[in-house]
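Structure record follows, encoded as structure tokens.
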Amino acid sequence: VRYILSDDTEPGEPAPVQPSPRRPLWRRAIGPGVAAIVAAALTGAIIYLATPTRAPEITRFRLSAADGTRLSLDTQSRDLAITRDGRRVIFKGDRGTFRDVQLSRLFVQSLDSLEPTPLVSAGRPRAPFSSPDGQWVGFVDVGGTLSLKKVAVTGGPAMQICTLDGASRGFTWGDDDHIIFGTAAPTGLHRVSAEGGNPTVLTTPNRERGEADHLWPQLLPGGRAVLFTITSTTQGQEASQIAILELPAGTPRIVIRGGSQAQYVQSGHLVY
């Protein structure tokens, strides 16, 4: 204004104002979008921090068989098993003796139940183990012919799988519906279909290396390898070794010396 008032020269026409170029729609949306994401993240963080931490649930229960039958654990066989989903426990109960013969019975107890349910009463069942889906229970019947059998976890008649050459020394049921087991007979690990049939030899103890037997198998996740114990012919239990065998046909690899009856747990550790 001062220039116009102090100058006699006619002012020229003002230059036309050039409109600024319009930004693409996606660029105009970036700012509000980022703001919305940041706001949502801050809101979620505030809600998370304001929510009180929930204490882990603790389950307590007691294995008390019905009809006064007490829990009975054999010194040589595993008489208690847990289904893979952790919802059921299968165990052996002692029914006393008859003509100097110890009578037994299998029970199943859900963690949401206060009382166990009788599962197998006929024969002399022991050493229960579960199928991968938890719908079947395998066990050994020592009454009469030593046999490997299975029964539905909901109960019903037991079905024969095969006869055994010795007392139970561990069973593991794979996702391929085959069972790998060891027995007290020094014949190594065997494999049989859960539908029944003749067992096949999976491993043979190497006597030249002082191996007495292969026992206590457990299939590792994925079913591609089996964990088991190698016992010694001369040096006693302290000389046992824990080994892994790659399936279908590999060479046993020693992972622990001076240990036995190893179990793989989900944390990636071996308990033995």
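In table form, for the structure just shown:
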read-out: The stretch 196-272: trypsin sites (Lys or Arg not before Pro) in DSSP loop, at most 15 other beta carbons within 10 Å; value: Arg224
read-out: Probe 1.4 Å, protein heavy atoms only - accessible area per residue of the chain in square angstrom; value: 63 Å²
read-out: Per residue, the convex hull volume that the Cα atoms of the stretch 128-272 enclose (Å³); value: 113 Å³
read-out: GNM top mover of Gly143, Gly44, Gly222 - the chain, alpha-carbon springs below 10 Å; value: Gly44
read-out: Option label - percent of Cα pairs over 24 Å apart computed here, alternatives [x] 44; [y] 54; [z] 62; value: [z]
read-out: C-alpha center-to-center spacing [the stretch 220-236, the stretch 123-169] in angstrom; value: 22 Å
read-out: Estimated distance in nm for a label pair at Arg207 and Thr234, the labels positioned 7 Å out from Cα along Cα-to-Cβ; value: 1.4 nm
read-out: Per-residue [θ]222 nm for the chain (sum of -39500 (n - 2.57) over DSSP H runs n ≥ 4, rounded to 500); value: -4000 deg cm²/dmol
read-out: Cut-off under 5 Å, modelled amide H: who pairs with Ser104 long-range; value: Arg95
read-out: Net charge, Asp141 excluded, C-beta distance under 9 Å - Lys, Arg +1, Asp, Glu -1; value: +3
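The values are calculated or read from the model by the stated rules, or taken from the named source; none is laboratory data. All values reported here derive from a predicted model rather than from experimental measurement. Using ideal geometry, Cβ is built from the backbone for each residue, glycine included, and neighbour counts are taken over all protein chains shown. What goes into the accessible areas is simple: the full protein's heavy atoms, side chains included, and nothing from ligands, DNA or RNA. Shrake-Rupley method; radii C 1.70, N 1.55, O 1.52, S 1.80 Å.
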